[in-house]
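Report on the structure given below.
The values are calculated or read from the model by the stated rules, or taken from the named source; none is laboratory data. Everything numeric in this text was worked out from a predicted model, so none of it was measured. Neighbour counts are summed over all protein chains in view; Cβ atoms, including those assigned to glycine, are modelled from backbone coordinates with ideal geometry. The protein model used for the area step is the full one, side chains on, heavy atoms only, and it has no ligands, DNA or RNA in it. Shrake-Rupley method; radii C 1.70, N 1.55, O 1.52, S 1.80 Å.
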Amino acid sequence: MNVAERVRISFPRLDSLRALCFLSVFFFHSFYTLVPEVRYHWLWQHVKYGLFRNGDLGVNVFFALSGFLITYLLIAEKNTKGRIDVPRFWLRRVLRIWPLYYACVAFGFLVFPWIKHVTGQVPNEVANPWYYLFFASNFDTHNPDSSTLALLWSIAVEEQFYLVWPLVLALVPTRWFPWCFAAVLGQSWVFRYVTQDPDLLYGHTLSCIGDMAMGGIGAWIGSSERGRAWIARWPSFATIGIYLVFFTLYLFRDRLAASSIVGLVFERSCIAAAAVAIILHQCFGRANFLSLPTTGFLCYLGRISYGLYCLHTIGILAAIQILHRIGADTKLWQVLVLQPVVAFSVALGLASISYRFYESPFLRLKERLSFITRSSSGTHSA
């Protein structure tokens, strides 16, 4: 396919949204301390278990965002070419995900135990490597010793989604897509109603896949001119309400889930629906004070967010060790300010190096196989 035959689609504000999702997860994992004077201080309690206690919801938004982008681009391919080239789609996903993913697997199972050994600690990795080799770590019942491995369950869920979703959309007529989204959402609700096991509700594919389906619904709406025109007409008070709903869910998610069986079943879908509404506003809504930047540092963080997500626990562990060795981890401000600054700096350095020197060659090859090209303003390619 030559350049003239390619379709150019740009959602530059989604890079900034990715960055915010990463920062939510980063702060959720930050502020580690064993010092009693810090742990029992009201401010540390408020930050760690108040403000960022639901920071892991950044992963939920990542799922909804993946569902939206992948579905939108597959719909565009099917509408333009009349079909979806599934093997080509899979190859693009391999080039984007696998290099860094398997580097993290190697680090977790080989390098991390060696680091613990040479620093006088006892390696205790109980995770099953076979689950990680085949993108099934979200089904592994053992909690990994390496925090880098602990993050990869969400990548496994996304890879399982990438394996199945293009096949479904390739085989099903376009007019039936909404029924596919509804079926996936329905099975997710049934699974959550029947299971009610916290671990399965958090990481099982059948529980999480509803977030991607909700993103697919958003893509279906945004893929039509009528849908985009409807979004562009959203009044300011409606968009403000969407963000208020999301942040209310962000702050009080645990209370919603614990309120009743209804809350337990539908809380993920409520969060995903609010996230998708934000995605639609950022992509197709009228610009206002809630619109995210399309250039600058936040966009850069979004472009390297995959590396930041996979590598940020290395930064956190490095910060904990460095500050402990120099005796700068005993005061409240050191844990709340100095630790995340050092951790973020290390993670940013690692992710930048990874993106520039390790991931970029694979990304350039991926672009050559893309049906959707990437513009200089930040297009997201399938």
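Please pick out the residue among 304, 271, 279, 314 that is open to solvent by 30 Å² or more (accessible area, probe 1.4 Å), out of contact with any strand residue (DSSP E or B) (no Cβ under 9 Å at 6 or more places or on another chain) and of a type outside the set (D, E, K, R). Talk me through it step by step, then tell me what you get.
Working: 304 fails: open to solvent by 30 Å² or more (accessible area, probe 1.4 Å); 271 fails: open to solvent by 30 Å² or more (accessible area, probe 1.4 Å); 279 fails: open to solvent by 30 Å² or more (accessible area, probe 1.4 Å).
After applying the criteria, what remains is 314.
Mind counting the residues in the range 25-46 that are in contact (Cβ under 8 Å) with a residue 60 or more places away in the chain, assigned to a helix (DSSP H, G or I) and not acidic (Asp, Glu)? Show your work before the answer.
Kept after step one, since they are in contact (Cβ under 8 Å) with a residue 60 or more places away in the chain, are these residues of the range 25-46: 25-27, 29-33, 35, 37-38, 41, 43-44.
With assigned to a helix (DSSP H, G or I) added as a condition, the list becomes 25-27, 29, 37-38, 43-44.
Those left that are additionally not acidic (Asp, Glu): 25-27, 29, 38, 43-44.
Qualifying residue count for the region: 7.
Return the total of residues in the range 317-361 being open to solvent by 50 Å² or more (accessible area, probe 1.4 Å), free of Cβ contacts under 8 Å to residues at least 60 places away in the same chain and not in a helix (DSSP H, G or I).
1
Does residue 219 fit the bill of being small (Gly, Ala, Ser), touching a residue at least 40 places away in the same chain (Cβ under 8 Å) and over 17 Å from residue 64 (Cα atoms)? Spell out how you get there, then give the answer.
Numbers: small (Gly, Ala, Ser): yes; touching a residue at least 40 places away in the same chain (Cβ under 8 Å): yes; over 17 Å from residue 64 (Cα atoms): no.
When the stated conditions are applied, residue 219 does not pass them.
Does residue 193 satisfy being of a type in the set (Phe, Trp, Tyr) and more than 20 Å from the chain's Cα centre (by Cα)? Break it down into steps so the answer makes sense when it comes.
Working: of a type in the set (Phe, Trp, Tyr): yes; more than 20 Å from the chain's Cα centre (by Cα): yes.
Yes: the conditions hold for residue 193.
Of the numbered conditions (1) in a helix (DSSP H, G or I); (2) farther than 24 Å from residue 275 by Cα; (3) of a type in the set (A, V, I, L, M, F, W, C), residue 69 fails exactly one; give the number of that condition.
(2)
What's the total number of residues in the range 138-171 that are of a type in the set (Ser, Thr, Tyr), more than 23 Å from residue 347 (Cα to Cα) and assigned to a helix (DSSP H, G or I)? Please lay out each step first, then the result.
Applying the first criterion (of a type in the set (Ser, Thr, Tyr)) to the range 138-171 yields 141, 146-148, 154, 162.
Subsequent filtering for residues that are more than 23 Å from residue 347 (Cα to Cα) retains 141, 162.
Next cut, assigned to a helix (DSSP H, G or I) only: 162.
Of the residues in the range 138-171, 1 are of a type in the set (Ser, Thr, Tyr), more than 23 Å from residue 347 (Cα to Cα) and assigned to a helix (DSSP H, G or I).
For the structure I just gave you, tell me whether residue 175 is in a helix (DSSP H, G or I), modelled with pLDDT under 95 and either of a type in the set (Val, Ile, Thr) or under 25 Å from residue 81 (Cα atoms) (or both).
Yes; evaluated as a whole, the condition is true for this residue.
Is it true that residue 49 is open to solvent by 60 Å² or more (accessible area, probe 1.4 Å) and within 22 Å of residue 148 (Cβ to Cβ)? Outline the logic, then answer.
Details: open to solvent by 60 Å² or more (accessible area, probe 1.4 Å): yes; within 22 Å of residue 148 (Cβ to Cβ): no.
Spelling it out, it is not the case that residue 49 is open to solvent by 60 Å² or more (accessible area, probe 1.4 Å) and within 22 Å of residue 148 (Cβ to Cβ).
For residue 22, work out the one condition from (1) open to solvent by 10 Å² or more (accessible area, probe 1.4 Å); (2) touching a Phe, Trp or Tyr at 6+ places or on another chain (Cβ under 6 Å); (3) not charged (D, E, K, R) it doesn't fulfil.
(1)
Filter the range 130-158 down to the residues that are under 18 Å from residue 21 (Cβ atoms) and charged (D, E, K, R) and list them by number.
Within the range 130-158, just 158 meets the criteria.
For residue 220, only one of the following conditions fails: (1) farther than 25 Å from residue 94 by Cβ; (2) modelled with pLDDT under 95; (3) of a type outside the set (Asp, Glu). What is its number?
The failed condition is (2).
Could you say whether any residue in the range 117-137 is assigned to a loop (DSSP other than H, G, I, E, B), under 30 Å from residue 273 (Cβ atoms) and modelled with pLDDT of 95 or more?
Residues of the range 117-137 that are assigned to a loop (DSSP other than H, G, I, E, B), as a first pass: 119-128, 134-136.
Pick out the ones that are also under 30 Å from residue 273 (Cβ atoms) and you get 135-136.
Add one more test, that the residue is modelled with pLDDT of 95 or more, and what stays is 135-136.
Scanning the range 117-137 turns up at least one residue that is assigned to a loop (DSSP other than H, G, I, E, B), under 30 Å from residue 273 (Cβ atoms) and modelled with pLDDT of 95 or more.
Quick one: would you say residue 90 is out of contact with any Ser or Thr (no Cβ under 9 Å at 6 or more places or on another chain), assigned to a helix (DSSP H, G or I) and without any contact (Cβ under 8 Å) to a residue 40 or more places away in the chain? Show your work before the answer.
Working: out of contact with any Ser or Thr (no Cβ under 9 Å at 6 or more places or on another chain): yes; assigned to a helix (DSSP H, G or I): yes; without any contact (Cβ under 8 Å) to a residue 40 or more places away in the chain: no.
For residue 90, the condition - out of contact with any Ser or Thr (no Cβ under 9 Å at 6 or more places or on another chain), assigned to a helix (DSSP H, G or I) and without any contact (Cβ under 8 Å) to a residue 40 or more places away in the chain - is not met.
Considering only the range 203-229, state which residues are of a type outside the set (D, E, K, R) and either surrounded by fewer than 12 Cβ atoms within 10 Å (Cβ to Cβ) or not in a helix (DSSP H, G or I) (or both).
Residues satisfying the conditions are 204, 223, 224, 229.
Would you mind finding the one in 257, 238, 232 that is more than 21 Å from residue 185 (Cα to Cα), free of Cβ contacts under 8 Å to residues at least 24 places away in the same chain and open to solvent by less than 60 Å² (accessible area, probe 1.4 Å)? Break it down stepwise before answering.
Numbers: 257 fails: more than 21 Å from residue 185 (Cα to Cα); 232 fails: free of Cβ contacts under 8 Å to residues at least 24 places away in the same chain.
After ruling out the rest, the residue left standing is 238.
Name every residue in the range 260-294 that is touching a residue at least 12 places away in the same chain (Cβ under 8 Å) and among the polar types (S, T, N, Q), in order of residue number. Reasoning before the result, please.
The first filter runs over the range 260-294 and keeps only residues touching a residue at least 12 places away in the same chain (Cβ under 8 Å), leaving 261, 264-286, 288, 290-294.
269, 282, 288, 291, 294, listed by residue number.
Only one of 167, 152, 200 is under 30 Å from residue 111 (Cα atoms), in contact with a helix residue (DSSP H, G or I) (Cβ under 7 Å, 6 or more places away or on another chain) and open to solvent by 60 Å² or more (accessible area, probe 1.4 Å); which? Lay out the reasoning, then the answer.
On the way: 167 fails: under 30 Å from residue 111 (Cα atoms); 152 fails: open to solvent by 60 Å² or more (accessible area, probe 1.4 Å).
Residue meeting the stated conditions: 200.
I need every pair where a residue in the range 47-69 that is aliphatic (A, V, I, L, M) has its Cβ under 7 Å from the Cβ of a residue that is open to solvent by less than 30 Å² (accessible area, probe 1.4 Å) and in a loop (DSSP other than H, G, I, E, B), sequence separation at least 6 or different chains.
From the range 47-69, the pairs are 47/31; 69/380.
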